[in-house]
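Undergrad: This is the structure, below, for whatever I ask next.
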Amino acid sequence: MTAFGLPPAGAPRLAGKVAIVTGAGSRGAGIGNGRAAAMLFAREGARVLLVDRDESPARDTLALIEAEGGEAAVYTADVTVSEDCAAMVAYTLERWGRLDILHNNVGIGSRGSVVEESEEEWERVQRVNVTSMMLTSKHAIPAMMRSGGGAIVNVSSISALRPRGLTAYSTSKGAVIALTRAMAVDHARDGVRVNCIAPGPVFTPMVASEGMSDELRERRRLASPLQVEGTGWDIGYAALFLASDEARYITGVVLVVDGGTTIVGPSR
Ligand SMILES: NC(=O)c1ccc[n+]([C@@H]2O[C@H](COP(=O)([O-])OP(=O)(O)OC[C@H]3O[C@@H](n4cnc5c(N)ncnc54)[C@H](O)[C@@H]3O)[C@@H](O)[C@H]2O)c1
């Protein structure tokens, strides 16, 4: 370690760290946000617990990591269930003896206004997208404190900043930002940094599985000033930075990763 607590030059960026990535599978073949983050964490030396409700996509992520020589394990859990979150942390400690990073990636979409949305679906979206992050953090933070501190990265969305007909989703992702800032204040003295990422319209298996036409895909690409199609890797690299000690002076931020989409008007 150097004087700033950073790994020496040339060392992997997460050397010696243990991470939990939730939603580390992917809704289809390809690279989703959670899978990309898990792979990048492992490439940079972290041991990664791949948490997913569905075992099979998490196993695919594990195979990709192991093919690159990384170390990870699959853990099947529903992050909306407190007991599952407690068990996931206990398993991490039992297996690797510490916990440094929690990447709260699980999130589901929804479409419709408050008039169109059913009350049941509203509650489900808030539970999966927000309460899950409270539950994973509730159990992870004490373990991080015992490991000398840690970093939490929550996945929000630019839908929180620029809503467009996904009202339950936008509300939940706005709450993720507020939760991030509140936890950053609550746990700074515990040595735990808490940040979030607001992805723009990246093309992931989650989006592909919802059946996107080539025309809409192209319109999404052109919506940003950079006119680049974002991918899971773009979100994964942002998570890697925030999770690493390179971000040791950063807490409570919302890192927008959207090719500039939110800084231009809807005419573009
Ligand atoms: N793709 C985009 O354009 C975009 C934009 C903004 C934000 N996001 C956010 O990115 C995140 C997801 O990205 P992804 O590409 O990894 O999605 P994904 O849907 O491909 O993968 C998410 C994984 O989470 C798992 N999962 C769902 N509910 C779970 C639960 N209760 N417990 C445990 N696992 C559960 C699924 O089985 C799946 O494997 C979400 O938070 C989403 O809101 C995506």
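Undergrad: Test Asp52 against the criterion of being near the ligand (Cβ under 8 Å from one of its atoms), surrounded by 16 or more Cβ atoms within 10 Å (Cβ to Cβ), more than 26 Å from Phe203 (Cβ to Cβ) and without any contact (Cβ under 8 Å) to a residue 40 or more places away in the chain, and give yes or no. Outline the logic, then answer.
TA: On the way: near the ligand (Cβ under 8 Å from one of its atoms): yes; surrounded by 16 or more Cβ atoms within 10 Å (Cβ to Cβ): yes; more than 26 Å from Phe203 (Cβ to Cβ): no; without any contact (Cβ under 8 Å) to a residue 40 or more places away in the chain: yes.
When the stated conditions are applied, Asp52 does not pass them.
Undergrad: Report, by residue number, each residue of region 223-244 that is surrounded by fewer than 20 Cβ atoms within 10 Å (Cβ to Cβ) and away from the ligand (no atom under 15 Å from the Cβ).
TA: Result: Pro225, Leu226, Gln227, Phe241.
Undergrad: Which residues, taken from region 175-211, are over 30 Å from Val228 (Cα atoms), surrounded by fewer than 19 Cβ atoms within 10 Å (Cβ to Cβ) and in contact with a Ser or Thr (Cβ under 8 Å, 6 or more places away or on another chain)?
TA: Residue satisfying the conditions is Ala188 alone.
Undergrad: I'm trying to understand the selection: among the residues of region 150-169, which are surrounded by fewer than 18 Cβ atoms within 10 Å (Cβ to Cβ) and touching a strand residue (DSSP E or B) at 6+ places or on another chain (Cβ under 9 Å)? Spell out how you get there, then give the answer.
TA: Step one: list which residues in region 150-169 are surrounded by fewer than 18 Cβ atoms within 10 Å (Cβ to Cβ), which gives 162-165.
The answer is Gly165, and nothing else.
Undergrad: Are any of the residues in region 250-262 buried (at least 19 other Cβ atoms within 10 Å of the Cβ) and in a helix (DSSP H, G or I)?
TA: Checked region 250-262: at least one residue is buried (at least 19 other Cβ atoms within 10 Å of the Cβ) and in a helix (DSSP H, G or I).
Undergrad: Pick from region 153-169 the residues that are β-branched (Val, Ile, Thr) and in a helix (DSSP H, G or I): which of them is nearest to the chain's Cα centre (by Cα)?
TA: Ile158
Undergrad: Looking at this structure, is Leu166 under 16 Å from Met206 (Cβ atoms) and within 14 Å of the ligand (Cβ to nearest atom)? Working first, answer last.
TA: Numbers: under 16 Å from Met206 (Cβ atoms): yes; within 14 Å of the ligand (Cβ to nearest atom): yes.
Against the criterion (under 16 Å from Met206 (Cβ atoms) and within 14 Å of the ligand (Cβ to nearest atom)), Leu166 qualifies.
Undergrad: Let me ask another. Which one of these is at pLDDT 95 or above, closer than 15 Å to Leu62 by Cβ and not in a helix (DSSP H, G or I): Ala42, Ala19, Ala15, Ala38?
TA: On the way: Ala42 fails: not in a helix (DSSP H, G or I); Ala15 fails: closer than 15 Å to Leu62 by Cβ; Ala38 fails: not in a helix (DSSP H, G or I).
None of the other options fit; the residue is Ala19.
Undergrad: Going through region 148-172 one residue at a time, which ones are among the small types (Gly, Ala, Ser) and either modelled with pLDDT of 95 or more or closer than 20 Å to Arg193 by Cβ (or both)? It would help to see each step written out before you state the result.
TA: Residues of region 148-172 that are among the small types (Gly, Ala, Ser), as a first pass: 148-151, 156-157, 159-160, 165, 168, 170, 172.
Correct list: Gly148, Gly149, Gly150, Ala151, Ser156, Ser157, Ser159, Ala160, Ala168, Ser170, Ser172.
Undergrad: Here are the criteria: (1) assigned to a helix (DSSP H, G or I); (2) surrounded by fewer than 21 Cβ atoms within 10 Å (Cβ to Cβ); (3) within 13 Å of the ligand (Cβ to nearest atom); (4) not charged (D, E, K, R). Tell me which single one Ser172 does not satisfy.
TA: Among (1) assigned to a helix (DSSP H, G or I); (2) surrounded by fewer than 21 Cβ atoms within 10 Å (Cβ to Cβ); (3) within 13 Å of the ligand (Cβ to nearest atom); (4) not charged (D, E, K, R), Ser172 violates only (2).
Undergrad: Tell me which residues, restricted to region 19-49, are more than 10 Å from the ligand (Cβ to nearest atom) and closer than 20 Å to Val128 by Cα.
TA: To start, the set of residues in region 19-49 that are more than 10 Å from the ligand (Cβ to nearest atom) comprises 19-20, 29, 39-49.
The answer is Ile20, Leu49.
Undergrad: Still on this model: Could you list, in sequence order, all residues of region 184-215 that are more than 10 Å from the ligand (Cβ to nearest atom), more than 20 Å from Asp258 (Cα to Cα) and assigned to a helix (DSSP H, G or I)?
TA: If the condition is that a residue be more than 10 Å from the ligand (Cβ to nearest atom), more than 20 Å from Asp258 (Cα to Cα) and assigned to a helix (DSSP H, G or I), then Ala184, Val185, Asp186, His187, Ala188, Arg189, Asp190 are the ones that fit.
The values are calculated or read from the model by the stated rules, or taken from the named source; none is laboratory data. Since the structure is predicted, the reported quantities are computational estimates derived from the model, not experimental observations. All Cβ positions, even for glycine, are placed from backbone atoms using ideal geometry, and neighbour counts span all protein chains on display.
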